[in-house]
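One structure is given below, encoded as structure tokens.
The values are calculated or read from the model by the stated rules, or taken from the named source; none is laboratory data. Computed from a predicted structure; not experimentally measured. Ideal geometry is used to build each Cβ from the backbone, glycine not excepted, and the neighbour counts take in all protein chains shown. Heads up: the accessible areas ignore ligands, DNA and RNA and are worked out on the full protein's heavy atoms, side chains in. Shrake-Rupley method; radii C 1.70, N 1.55, O 1.52, S 1.80 Å.
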Amino acid sequence: MHRHTLTLAAALALGGTLAMAEEVRVYNWSDYIDEELLTKFQEETGIDLVYDVFDSNEVLETKMLAGGSGYDVVVPTGTFLQRQIQAGAFQKLDKSKLPNLSNMWDVIMERTAQYDPGNEYSVNYMWGTTGLGVNTKKVAEVLGENAPIDSLALVFDPANMEKLASCGVHFLDAPTEMIPAALKYIGENPDAQDAETIAKAEAVLMAVRPYVQKFHSSEYINALANGDICVAFGWSGDVLQARDRAAEADNGVEIAYNAPKEGALMWFDMMAIPADAPNPDGAHKFLNFIMDAQNMAAASNYVYYANGNKASQEFLAEDVIGDPAIYPSEETVKNLYTVSPWDAKVQRVATRLWTKVKSGT
Amino acid sequence: MRRFLLIAIPFGWLLALFLVPFFIVVKISLSDVAVSIPPYVPQFSWETGIGTFLRDLDFENFVFLTTDSLYWKSYVGSLVIAVISTFLTLLIGYPIAYGMARAPEEWRATLMMLIILPFWTSFLIRIYAWMGILSREGLLNQFLMWTGVISEPLTILNTNYAVYIGIIYAYLPFMVLPIYSALDRMDTSLIEAAEDLGCSRLTAFWLVTVPLSRNGIIAGCFLVFIPALGEFVIPSLLGGSGTLMIGKVLWEEFSSNRDWPLASAVAVVLLLILVVPIVLFQRNQQKQQEAEQ
């Protein structure tokens, strides 16, 4: 509101010749949108869009809890969203400004209500799974044709990892996803909330960490596509983007994504408006724009992630809606698990564990 | 009165921009982490008063630093990397500075320009460029494979070797420039005198040139050592999971782990460690100035 008053004052002062342009600042994950959509938004609404990217929920959370981030729209994953809502980081959506809410998919909304009861603070942007990105030829060279490329054993069995180290393995720098996966591998509940169970993940991760070249959550896309690494434990759509970049470069690298057969983490990235957003009005316009069926379809077709927008499905490309790695069959969905946020005490245990795994001490 | 003002302005500036933030960091280092805005407690409030606020502060985070081996290992790791890369930078930088100082007068401006030229590109972009050069399928490996020196690509990126290459590359000008200015001021007739008195060229170099450029060497070493010790960008972009440096740990505690109280404690300790070389550097500068007067 403040900004509008300013604009008005400026317009009056300069006789209407110069008006301060309205601006919306969006903070989203890297490699997560078709950039043409950003131009389209500016053309349709006349609002200037500032678009920044991050690759870690933790970094976003630090910005949110520090306050005064200056962003109008941010995209935390469900578990983080839940905790940040409790900390008072977000404002409730004004649903009267979001007519395109009717496009949303009830199945996904039911699931995201687990993090944001009644979906009062957020709308789903994309959802996906965390699993194995594999350079099929190189892995076959190293581990043979029968390599377990659809199993957590590929990355958590030290015998496999010792061999894979020669061609390069990256892990996500995301404790909230890697620790549940390690727990799943040893048959524990991946959504464990007690410190004792979580501590069991340490042995699994420490045994393979010497063979992990890097813990990073965005470099693996290019590293996979260029053939610099042969395995990444990463996010479904990112691996599929790597597959496409390799195909475009025509460099002989073939990438495949597999959700681990033992079970894969299913996550939901949610668009929300910070409590101190400078332009909440513009933020609502951006959310409504994104929820347009064709715009959402364009985004999914570009980044290879499924979205929570039912109406967009008729506009999705066949290699998106028809790919079970993106829109899993009901059978596969049964094999996916979700997690909930840890409380502060358990969080510190997990954080220590993860720092130990990354640094090796 | 005028003199007082002259001193008061820079000291006021220092007080505002160094001491005040430092005390804020010390205060956070005595707090506890929390999921709130901002992410630590206790917050100071006038209602509960300063007494309650002070009672809630404790040294828990500093105690924690001593119990987890990660921290002292990172301090030592940073120290080792900083010492080795300072030494290597000196080894490479000295001949460059020497060559520049002995080059014909009309070349020197151009040579100087060439040393400064890389600063025209962003530091970050230059480090990203090294990622392209050092990666498995990168330029260096392709070149070495092409010449037949190696048959399998070397893993350099994401190891400590890449960190050394990055630091030496980035900080070389800071070593070259002070040594160059020391050598440039040197009276070359002193070398002739040494040779007239029977010194070989090498002995004259060790006995005359090196001691006379001592201040340049010391200044260069500090200018490389101090920033290398706290370096964050180079180890996080070029280093791998085995690279332990305190700057990286600090960033992770602050941003990834959102543990501001612990991050602040790490920062306070890092500052105390850095104060020692900075004081030594200051003293050396002072001595040099006195010697010149």
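Of note:
- Meets criteria (within 14 Å of chain B (Cβ to nearest Cβ) and open to solvent by 10 Å² or more (accessible area, probe 1.4 Å)) for A:Glu43: no
- Hits in region A:116-174 - residues which are in a loop (DSSP other than H, G, I, E, B), touching a residue at least 12 places away in the same chain (Cβ under 8 Å), among the polar types (S, T, N, Q) and away from every other protein chain (no Cβ under 14 Å): A:Ser151
- A:Glu110 being at pLDDT below 95, surrounded by fewer than 18 Cβ atoms within 10 Å (Cβ to Cβ), of a type in the set (D, E, K, R) and assigned to a helix (DSSP H, G or I): yes
- Residues in region A:47-72 that are in contact with an Asp or Glu (Cβ under 9 Å, 6 or more places away or on another chain), within 23 Å of B:Lys248 (Cβ to Cβ) and away from chain B (no Cβ under 14 Å): A:Val53 alone.
- Any hit, region B:133-143, residues being within 25 Å of B:Leu229 (Cα to Cα) and surrounded by fewer than 16 Cβ atoms within 10 Å (Cβ to Cβ): no
- Some residue of region A:192-209 being without any contact (Cβ under 8 Å) to a residue 12 or more places away in the chain and assigned to a helix (DSSP H, G or I): yes
- When B:Leu172 is tested against (1) within 14 Å of chain A (Cβ to nearest Cβ); (2) in contact with a Gly (Cβ under 6 Å, 6 or more places away or on another chain), only condition (1) is not met.
- Conditions (1) more than 14 Å from chain A (Cβ to nearest Cβ); (2) within 15 Å of the chain's Cα centre (by Cα); number of the one not met by B:Gly247: (1)
- When A:Asp72, A:Asp48 are checked against the criterion of being over 30 Å from A:Lys345 (Cβ atoms), among the acidic types (Asp, Glu), surrounded by 20 or more Cβ atoms within 10 Å (Cβ to Cβ) and outside the structural domain of A:Tyr220 (by TED's automatic domain parsing), a single residue qualifies: A:Asp72.
- Within region A:52-77, residues that are at positive phi have Cβ atoms under 8 Å from residues that are open to solvent by 20 Å² or more (accessible area, probe 1.4 Å) and not in a strand (DSSP E or B) in these pairs: A:Gly67/A:Asp276; A:Gly67/B:Ile37; A:Gly67/B:Pro38; A:Gly68/A:Asp276; A:Gly70/A:Pro278, counting only partners at least 6 apart in sequence or on another chain.
- If you go through region A:319-358 and keep only what is open to solvent by 40 Å² or more (accessible area, probe 1.4 Å) and closer than 30 Å to A:Tyr304 by Cα, you end up with A:Asp319, A:Ile321, A:Gly322, A:Pro324, A:Ser329, A:Glu330, A:Glu331, A:Thr332, A:Lys334, A:Asn335.
- Sub-7 Å Cβ pairs linking a first residue in region B:13-38 that is under 19 Å from B:Glu60 (Cβ atoms) to a second residue that is open to solvent by 50 Å² or more (accessible area, probe 1.4 Å) and of a type in the set (Val, Ile, Thr), at least 6 apart or interchain, are B:Ser31/B:Val41; B:Asp32/B:Val41; B:Ala34/B:Val41, ordered by first then second residue.
- The lone exception for B:Phe232 - which of (1) closer than 24 Å to A:Ser218 by Cα; (2) within 13 Å of another protein chain (Cβ to nearest Cβ) it fails: (2)
- Candidate set from region A:314-359 (those that are among the hydroxyl-bearing types (Ser, Thr, Tyr) and within 12 Å of chain B (Cβ to nearest Cβ)); member that is nearest to A:Tyr211 (Cα to Cα): A:Ser359
- Matching residues in region A:75-92 - criterion: being in a loop (DSSP other than H, G, I, E, B) and either within 11 Å of chain B (Cβ to nearest Cβ) or open to solvent by less than 20 Å² (accessible area, probe 1.4 Å) (or both): A:Val75, A:Pro76, A:Ala87, A:Gly88, A:Ala89
- Residue check, B:Tyr128 within 14 Å of chain A (Cβ to nearest Cβ) and aromatic (Phe, Trp, Tyr): yes
- Residue that is farthest from A:Asp343 (Cα to Cα) [pool: residues in region A:183-217 that are more than 14 Å from chain B (Cβ to nearest Cβ), open to solvent by less than 40 Å² (accessible area, probe 1.4 Å) and among the β-branched types (Val, Ile, Thr)]: A:Val204
- Some residue of region A:258-278 being part of a helix (DSSP H, G or I) and out of contact with any strand residue (DSSP E or B) (no Cβ under 8 Å at 6 or more places or on another chain): no
- Some residue of region A:289-298 being open to solvent by less than 10 Å² (accessible area, probe 1.4 Å), assigned by TED's automatic domain parsing to the domain that holds A:Ala181 and part of a loop (DSSP other than H, G, I, E, B): no
- Test result for A:Asp281, within 21 Å of the chain's Cα centre (by Cα), open to solvent by 10 Å² or more (accessible area, probe 1.4 Å) and touching a residue at least 24 places away in the same chain (Cβ under 8 Å): no
- Cβ separations smaller than 7 Å between residues 6+ apart or across chains give the following pairs from region B:258-269 residues that are away from every other protein chain (no Cβ under 13 Å) to residues that are buried (at least 24 other Cβ atoms within 10 Å of the Cβ): B:Ser264/B:Ser29; B:Ala265/B:Ser29; B:Val268/B:Ser29.
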